[in-house]
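*Asks:* Please see the structure below; I have some questions.
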Amino acid sequence: MPEAWAARENPLPLSTEALARGEQVYQQYCSACHGPLGQGDGLAPAVAYFDPSPTNLALHGPAHGAAEYAWIISEGNAESAMPRFDTKLSEKEIWSVVHYIRHGLADEQDEQYAQAHQH
Ligand code: HEC
């Protein structure tokens, strides 16, 4: 991850609003590939041909830092089907969806973690 990104933290407080907004963005822009629950099983017909296939985001959840997610969502991966979103989404939408991946798509244990740590 480029250094300019590594130093960044999610500027949005983790809140039910941020999660709700992130969920909206996710369902609209990401679920076709990553699946409605983030399991990498999106319904877009092309998904079957993607190599690598869309990441199971529910599994990755909080394992990656917020900055790492924001970076790949913003800039995409030129070597895979992962598009860049910095031209389609506002920064706020990107950081909201980062919250949603790390805390909304994740399982109950992670929810408890999120509540205990608030970041
Ligand atoms: C056109 C299909 C497609 C769409 C739409 C899409 N992705 Fe992806 N995404 C992929 C593929 C394929 C990969 C796996 C290859 C890679 O890591 O580049 C990926 C990888 C990722 C990764 C890297 C995961 C990791 O831990 O390495 C993240 C994070 C991610 N996507 C988030 C999103 C988010 C958030 C959205 C919506 C704003 C989104 N993607 C929309 C196809 C898509």
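The values are calculated or read from the model by the stated rules, or taken from the named source; none is laboratory data. Predicted model, so just to flag it, every value in this text is computed and none were measured. Because the Cβ atoms are built from the backbone with ideal geometry, glycine has one as well, and the counts that use them run over all protein chains shown.
*Asks:* So is Ala58 at pLDDT below 95, aliphatic (A, V, I, L, M) and more than 10 Å from the ligand (Cβ to nearest atom) or not?
*Replies:* yes
*Asks:* Filter region 22-46 for residues that are free of Cβ contacts under 8 Å to residues at least 24 places away in the same chain, near the ligand (Cβ under 7 Å from one of its atoms) and of a type in the set (A, V, I, L, M, F, W, C) and give the result.
*Replies:* Ala32, Ala44
*Asks:* So which pairs qualify, if the first residue must be in region 2-18 and assigned to a helix (DSSP H, G or I), the second must be at pLDDT 95 or above and hydrophobic (A, V, I, L, M, F, W, C), the Cβ gap must be under 6 Å, and the two must be at least 6 apart or on different chains?
*Replies:* Trp5/Ala67; Trp5/Trp71; Ala6/Ala67; Ala18/Leu12
*Asks:* Would you confirm, using the coordinates I've provided, whether Leu19 is surrounded by 15 or more Cβ atoms within 10 Å (Cβ to Cβ) and more than 11 Å from the ligand (Cβ to nearest atom)?
*Replies:* Yes; evaluated as a whole, the condition is true for this residue.
*Asks:* I would also like to ask the following. Return the pairs, sorted by first residue and then second, in which the second residue is among the hydroxyl-bearing types (Ser, Thr, Tyr) and surrounded by 14 or more Cβ atoms within 10 Å (Cβ to Cβ), the first residue lies in region 61-87 and is in contact (Cβ under 8 Å) with a residue 24 or more places away in the chain and closer than 15 Å to Cys30 by Cα, the beta carbons are less than 7 Å apart, and the residues are 6+ apart or on different chains.
*Replies:* From region 61-87, the pairs are Phe85/Tyr29; Phe85/Ser74.
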